[in-house]
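The values are calculated or read from the model by the stated rules, or taken from the named source; none is laboratory data. The structure presented is a predicted model; accordingly, all values stated were derived computationally and were not measured. All Cβ positions, glycine included, derive from the backbone under ideal geometry; neighbour counts span all protein chains shown. For the accessible areas, the whole protein counts, side chains as well, though only heavy atoms, and no ligand, DNA or RNA atoms are used. Shrake-Rupley method; radii C 1.70, N 1.55, O 1.52, S 1.80 Å.
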Amino acid sequence: VLQQPLLKVKLDFNKEINKKVSIEIKDSDGNEVVTKEVIVNGSSYEEAFEIKNAKLWDIDNPYLYTVTAKIGKDIKKDRVGIRHVVFKKNGFFLNGNKIKIRGLNRHQSYPYVGYAMPASAQIADADFLKYHLGVNLARTSHYPNSKHFLNRCDEIGLLVFTEMPGWQFVSKKPEWREM
């Protein structure tokens with residue numbers, strides 16, 4: 001039995017603040033689900049919001065919520081899916097349903113241009129993986145991947161296994177271990 005879904009909001013600031021922050025969560029139709037104002041006194045804020053009657057993100061129904069944080073005129077928006085993920089001895093379960101993972105490893109380096117690909121190419125790559133190759137998971141490589149690729153995966157229901165972005169540096173540079 002799945003528990004009532006929670007949506008965890010975490011805000012990190014590059015300095016200590018003492019300001020009012022407005023947090024708003026809307027469903028995919030733009031309907032307000034949660035609105036809250038808090039005073040943040042420090043360099044971060046974190047809270048888990050209970051989402052009543054939440055629609056869960058799934059590979060066949062990639063439902064996304066929009067989370068907006070406002071501090072004065074500064075606005076940050078992000079789209080997120082709510083899901084319940086469990087690995088058991090007998091397989092992978094998404095929202096209580098067993099899913100057979102079909103995936104591949106993806107590097108975002110392209111011949112002749114390397115990493116200099118526009119958003120449209122990153123989006124097309126996610127679409128190709130899902131709709132032409134029929135995979136349901138992409139394992140990213142060991143560097144920060146394009147936000148356009150990752151956002152598109154969320155939009156179309158493509159699971160992402162994110163590799164730690166630290167190949168060749170984690171064991172050689174102690175400052176990476178301290179992060």
- How many of the residues in the range 3-47 are modelled with pLDDT under 90, assigned to a loop (DSSP other than H, G, I, E, B) and surrounded by 10 or more Cβ atoms within 10 Å (Cβ to Cβ)? 1
- Message: So, restricting to helices (runs of 4 or more DSSP H) that lie completely within the range 76-179, which ones have at least 2 residues that are open to solvent by less than 60 Å² (accessible area, probe 1.4 Å), at pLDDT below 95 and not charged (D, E, K, R)?
- Response: 119-127
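Please find, within the range 57-74, the residue that is surrounded by the most Cβ atoms within 10 Å (Cβ to Cβ) out of those that are modelled with pLDDT under 95 and not charged (D, E, K, R).
Here is the first cut: in the range 57-74, the residues modelled with pLDDT under 95 are 71-74.
The next check asks that each one be not charged (D, E, K, R); those that pass are 71-72.
Details: Ile71: 15, Gly72: 9.
Result: Ile71.
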- In the range 103-117, which residues are in contact (Cβ under 8 Å) with a residue 24 or more places away in the chain and under 17 Å from Tyr143 (Cα atoms)? Leu104, Asn105, Arg106, His107, Gln108, Met117
